[in-house]
Amino acid sequence: MKLERLISITYALLNNEVISASELANKYRVSQRTIYRDIEAICAAGIPVVSFQGVNGGYGIIEEFKMEKSLLHSNDIESLITLLQSTTTVFQDDRATETLHRLQTIQSDKRPSLTMDLGSWRANNATLHALRAAITDRYVIRFEYMNSKNERATRVVEPVSLLFKYYSWYLHGYCRARNDYRVFKLTRMLDLVTLTELYHRIHPTPLQDISLDYQKEEIVGAVLHFSGRSLAHALDCFYAENKCFNEDGTLTVTITNPSEVEWLVEMILSFGEDVEVLEPLELRKMLKDKIEKMLNRYPQV
């Protein structure tokens, strides 16, 4: 109970210029002597509480310790809180947690309109934590990597940053095998080891110049027809595409610019008999070839 009161008093001090001991005593239904002891405990914890004398006196926190509300719009504060909360679902970052608490004290609406949980997205948290530590402490790492051409090789990398993009985590770093900066998909990294060697490189490639390791096969677009049994799954996978619900309960999806053909083929195959590719012809042939190869694996069935 005392700890909860100390935390609540700290937030009250952050949200008020000056608040008197009597106000605090009435609010928490304790004596003013108890409030005096609580203030001493808060000061001992490193929070700079100051006392103001006079008729309108009381307690407050020095302005240098507070974050000025006027510096940020309420939408900015909410966006920062959402971002910090999402990262704390993956990393145990004391500085981020401290910043989050400070932002929450100046948040006008305590009910967030947006939440994110990056930790729930198919992430290997042990790998993420190891990479984050190597990046922070500037240690060289070594791992086995499988590229998009299914080629496996040992990489020694100076890790620069982690990137969450296209529903996946990536590592951006300087690859000594390629003598250049590269991006590595975490799901393809095997046998990660943090070495004892420190690196001292200073000027990494800007993040906007990062190109991801995708195969370059392209198609202009596609039209897919889904049965009524797969509507929810189709909406999950193609939520951003043009959709047309048909009178017979089926769904037609038009994809104008697929980012990766191989991904699209794999996604279509996951629907089994509940989808048909209407166009283009080359995509239909591609799917037919894959299905025939799959059937050839089961000749005796």
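No value in this document is a laboratory result; all are computed from the given coordinates. All values reported here derive from a predicted model rather than from experimental measurement. Positions of Cβ are backbone-derived with ideal geometry, glycine not excepted, and every protein chain shown enters the neighbour counts.
Side notes on the structure shown:
- Out-of-range pairs (alpha-carbon distance over 26 Å; input Lys185/Lys288; Lys165/Lys293; Lys165/Lys288; Lys149/Lys285; Lys243/Lys293; Lys165/Lys290): Lys185/Lys288; Lys165/Lys293; Lys165/Lys288; Lys243/Lys293; Lys165/Lys290
- Charge context of Thr250, other residues only, Cβ under 10 angstrom, K/R +1, D/E -1: -3
- Computed FRET value (nearest 0.05) for Asn125 with Asp248, which takes r as the C-beta separation and R₀ as 30 Å: 0.10
- Packing rank of 31-38, 266-273, 290-297, where each peptide gets the mean count of other beta carbons within 10 Å, highest leading: 31-38, 266-273, 290-297
- Lys, Arg +1 and Asp, Glu -1 on Cβ, resulting dipole of region 222-296 about Cα centre, debye, nearest 20: 100 debye
- Taking a ≥ b ≥ c as the square roots of the eigenvalues of the Cα gyration tensor, an a/c ratio below 1.5 marks region 125-209 as rounded.
- For region 2-65, averaging the sequence separation of C-alpha pairs within contact (under 8 Å, six or more residues apart) and dividing by the residue count gives a relative contact order of 36 percent.
- Debye, to nearest 20: dipole size of region 2-65, +1 on Lys, Arg Cβ, -1 on Asp, Glu Cβ: 380 debye
- Extension gain, Asn56 to Leu198, is 45.5 nm, computed as 0.36 nm per intervening residue step minus the present C-alpha separation.
- Taking each residue as 0.36 nm, the span from Ala240 to Ser22 lengthens on full extension beyond its C-alpha to C-alpha distance by 72.8 nm.
- Rounded, prolate or oblate (a/c below 1.5 giving rounded, otherwise prolate when a/b exceeds b/c) for region 222-296 by Cα gyration tensor: prolate
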